[in-house]
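Have a look at the structure below before the remarks.
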Amino acid sequence: MPRNDPFKVRQDLDPGAFGNLAYYSLRRLQENTGTNLSRLPFSIRILLESLLRNCDGFAITEEHVLNLVNWLPSGDRREIPFKPARVILQDFTGVPALVDLAAMRDAMKKLGGDPKKINPLLPCDLVIDHSVQVDYYGQSISLALNEALDFERNTERYEFLKWGQAAFRNLRVVPPTTGIVHQVNLEYLSQVIFRNQDNNLCYPDSCVGTDSHTPMVNGLGVLAWGVGGIEAEAVLLDQPIYMLVPDVAGIKLTGRLSPGVTATDLVLRITELCRSVGMVGKFVEFFGPGLSSMSIPDRATIGNMAPEQGSTVSYFPIDALTLDYMRLTGRSAEQIELTERYAKAQGLFRRDDMPDPLYSQVLTVDLGVIEPALAGPKRPHDRIALSQAGAGFRRMLTEPVGFKGFGLAESELKRTATVSIGDTQEQIGHGAVVIAAITSCTNTSNPSVMLGAGLLAKKAVEKGLRVKRTVKTSLAPGSTVVTEYLKKSGLLPYLEQLGFYLVGYGCTTCIGNSGPLEESVARAIVDNDLVVSAVLSGNRNFEGRVHPLTKSNFLASPPLVVAYALAGSTAIDITTEPLGFDKEGAPVYLKDVWPTNEEINATIAAFVTPEMFKSRYAEVFAGTSEWQKIALTASELYPWNPQSTYIRRPPFFDDLKIERQKLGPLSGLRVLALFGDSVTTDHISPAGQIAPDSPAGLYLAGKGIARKDWNSYGSRRGNDEVMCRGTFANVRLRNRLIPGSEGNRTVFHPSGEQMSIYDAAMRYQAAAIPLCIIAGKDYGAGSSRDWAAKGPYLQGVRVVIAESYERIHRSNLVGMGILPLQFEEGQSADSLGLTGTETLTAELQDDLRPKQTIKITAKSVEGRSLMFQTICRIDTPIEVDYYRDGGILCTVLKKLLAGNQS
């Protein structure tokens, strides 16, 4: 038996098309331990297989395996290490990850180690999909023009990625103009059952990704979730992810979706439900008879929005529909055979007649009662029934400023503006739709909603409807396969007649790459302070994300995006009011153009074929001629260009000390910002446009970079000087140190001067004053942006005190050596009377333990002292080591260096 098989469970899989393969048998483990694993959640079984296969008696022990073997719906939740099969990156988060690895190579060489030890040890795919912006739209050459600008702006970044592909083993790069990372992962990269050709083992495909929407492939039966870039880097260097054994909530699906109801409508309801119950840190797994009527694209739509739901994963087990989807998407017959044989041998193949697994809690969703809906205007879990959307929006206009309100006076409601575009004039007012975007991985992988949008467009065009020129329309499919079936079905020309021309293959509007509005539209919005809307088929609509001028942003299915583009306003009820008027002047209603399920299904059957997937993915890594022209520099160490404003060696390892630091009180902390609830990673580390008067804008201008070449924050994540200045630069950020304000402002204490957060941080840093952030609930919700932790760290933030944290952001804070503390239940800055003007001390001791109590002393300006207790949100023992070392990458570097010297 192999050295790492203490349970004697390694077996040969019955020979198949791939020949002799071995696997670690859960059935044999069950026999050898006298336990019953058949009622474990499927997701727990996959974690268990990983522990079993990687059990070496050191990093992963027999105790870890037995802990998970004895998983109960409620019980002790201990720490376990997990090693996924692979890692997936996108370019916004992948570039800084590779920049860090390149900097680690420099540090390793400087400290006398072997730089080549800094190398991905797991398979890693990086998909370039977040760079393209919608600068051009509404014309047949929009795609070509946007792609040309993409390469013009991002050549430095792409040269760096080509260097990384050559310098690092196990790294593949999927070039631009291919598709969105999650859709490429779903349609092509995911194997479902992974075959390791180095050791002849097969095991469940699993991955972690640097995009929070990595769980999209949960819909295919692949256990995957999003992690911060710094955590992904550690995984690439063969460090396990240390996690608490999760609770698993089961969502039982019953019935079938009603005609006219889409997977988008369903996922918005599930997102609302999960947020209301509370799923942060939990696995969600779907079961019940409703699964058998749910296609893989529908499941993937739900899996995609796991981060919006709050869950780590939203998992669907492998079943017969998984195999059908693998056939549809052109997977090989051999891979499909292996998937079926392995999953059945391991008890990982779901059937309707199986007993239900045991879950920590069970929720039931009747698919038959789901109704059409939107989500917004500022959060993805604020679902609004479509029939209530118009009235709801009008009500929000006068509600107090908050997650649903805009605080307008009654006298301001009828404010309008006349906009001239070319030879046309249009009226816009509050609720005017100025962006209508079919974009993002949530929906563009799903033929039913994409073809549904095309069919709706066809009917609208045939009735003579048009879209106002004040609406910026765009179509950004998740892969070239989508374009092909829209063309083959004859529906693409109808979308184009309504302005939905192809603009690019990438995240575009959902990540904030929506590009500029028409100048006259933008001017009208600003001059009249209009609350205008974006409607997009995305998964995120946090404030300031989609576009700085769209204060209200609504998530919707692709057909509804087209419908709202036609209606031109979110202030009307499109279920009862006309979308427009036909050639005879008769009103045309939503029901007149909405496609039937039969029409959609017939179109899918006729025009979505395996041949499309096979041909489109045949040369997936080759790229366009523009990509092939990008220069390649081959070297072990990256040749940093000191003049580059895109790629810069970060300072994270400059002062690395090999010895582990002793811990003691953190005293003299000043509050850099005082926040309320739901401050997202978009607020902390925005990925959208760079404002001219922002610290980052002034920096680029000072470097002589023309405004047109500034690109976006996301594209400059490889430059710490830009990103440090961009931290907390969101135009909708509300810092309660300046009541009633919005944007990048704070108060410098003790002088009381107001200035940008970055400028204040630098003044504190010059005076050697450490900083603290105080926040409310759900601090760090949203995308898994490592710069939301890196940026505050570089600004001098050493402590965050919040009422609660989003999972990935809490982990990122620890990974950067920032101490996350949590107010005790029922306490908050308000209840304690904290104003943010205090000087704080965190009574940290050298015997730091996970989740221990940490006392805080806050001294007011008048000299009064307030003491309160917080909970240390360093959740696991390994995280204590990360914090002591100054961050996870420092821990990894020290381990690799020690191995080099032993």
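No lab work stands behind these numbers, since they all come straight from the coordinates. Because the structure is predicted, anything quoted here is derived from the model rather than measured. Neighbour counts are summed over all protein chains in view; Cβ atoms, including those assigned to glycine, are modelled from backbone coordinates with ideal geometry.
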Using alpha carbons only, what's the Rg to Rh ratio of region 10-71 with Rh from Kirkwood?
1.00
Point-charge dipole on Cβ atoms (K/R +1, D/E -1) for region 641-794, about Cα centre, debye to 20:
120
Scaled radius of gyration (Cα, divided by 2.2 N^0.38 Å) that region 441-535 gives
1.18
Given backbone amide H placed at 1.01 Å from N, residues whose amide H is under 5 Å from that of Ile854, ignoring those fewer than 5 places away on the same chain, are Thr870, Ile871, Cys872
Hey, what does the equivalent ellipsoid look like for the chain, semi-axes from the Cα gyration tensor as sqrt of 5 times each eigenvalue, largest first, whole Å?
39, 36, 27
Given backbone amide H placed at 1.01 Å from N, residues whose amide H is under 5 Å from that of Gly260, ignoring those fewer than 5 places away on the same chain, are Asn597
Enumerate the residues in region 163-196 having an amide nitrogen under 14 Å from the point lying 7 Å beyond the Cα of Asp238 toward its Cβ.
169-170
Would you kindly work out the equivalent ellipsoid of region 86-369 from its C-alpha gyration tensor and give its semi-axes, the square roots of five times the eigenvalues, largest first in whole Å?
34, 24, 19
Phi-based couplings in Hz for region 818-829 (Karplus 6.51, -1.76, 1.60; Gly and Pro marked x):
9, 8, x, 10, 10, 4, 5, 3, x, 9, 7, 4
Full extension from Glu399 to Lys657: what is 0.36 nm times the residue separation minus their Cα-Cα distance, to one decimal in nm?
87.6 nm
Full extension from Asn170 to Glu63: what is 0.36 nm times the residue separation minus their Cα-Cα distance, to one decimal in nm?
35.4 nm
Computed E for Ala391/Gln497 - FRET, C-beta separation, R0 30 angstrom, nearest 0.05
0.45
Nothing charged except the Cβ atoms of Lys and Arg (+1) and of Asp and Glu (-1): what's the magnitude of the dipole of region 581-708 about its Cα centre? Round to the nearest 20 debye.
840
Length added when fully stretched, Gln361-Leu832, from 0.36 nm per residue minus Cα-Cα
166.2 nm
Estimated vicinal HN-Hα couplings, Hz - region 205-217 in sequence order (Karplus 6.51, -1.76, 1.60; Gly, Pro = x)
5, 8, 7, 10, x, 8, 10, 5, 8, 3, x, 3, 6
Taking the reciprocal of mean 1/r across every pair of different Cα atoms in region 420-608, the Kirkwood radius in Å is 16.5
Under a 5 Å amide H to amide H cut-off, with H placed in plane at 1.01 Å, what residues pair with Phe653 once short-range neighbours are removed?
none
Exposure-ranked with fewest Cβ neighbours within 10 Å first, Ser74, Ser694, Ser667 stand as Ser74, Ser667, Ser694
Kirkwood Rh (inverse of mean 1/r, distinct Cα pairs), region 321-379, angstrom:
15.4
Label-point separation (nm) for Leu637 and Gln754, each offset 7 Å from Cα along Cα-to-Cβ?
4.8
Determine the calculated [θ] at 222 nm for the chain from helices alone, applying -39500 (n - 2.57) to every DSSP H run no shorter than 4 residues and normalising by the residue count; nearest 500 deg cm²/dmol.
-10000 deg cm²/dmol
What does the charge count near Ser667 come to, summing +1 for each Lys or Arg and -1 for each Asp or Glu among other residues with Cβ under 14 Å from its Cβ?
+2
Note down the net charge around Val127, summing +1 for each Lys or Arg and -1 for each Asp or Glu among other residues with Cβ under 12 Å from its Cβ.
-4
Karplus ³J(HN,Hα) for region 643-657 (6.51 cos²θ - 1.76 cosθ + 1.60, θ = phi - 60°; Hz, whole; x = Gly/Pro) runs 8, 5, 9, 10, 10, 9, 5, x, x, 5, 10, 4, 10, 5, 10
Provide the FRET efficiency to the nearest 0.05 for the Asp709-Asn36 pair, computing r from the beta carbons and using R0 = 51 Å.
0.25
Exposure-ranked with fewest Cβ neighbours within 10 Å first, Val192, Val521, Val284 stand as Val192, Val521, Val284
Excluding Met396 itself, calculate the net charge of residues whose Cβ lies under 11 Å from the Cβ of Met396, where each Lys or Arg counts +1 and each Asp or Glu counts -1.
+3
Pop the C-beta distance of Tyr589 and Lys414 into the FRET formula with R0 = 30 Å and round what comes out to the nearest 0.05.
0.75
Can you run the Rg to Rh ratio on region 45-164? Use alpha carbon positions and the Kirkwood inverse-distance Rh.
1.17
A correct fewest-to-most ranking of Lys790, Lys414, Lys487 by other Cβ atoms within 10 Å would be Lys414, Lys487, Lys790
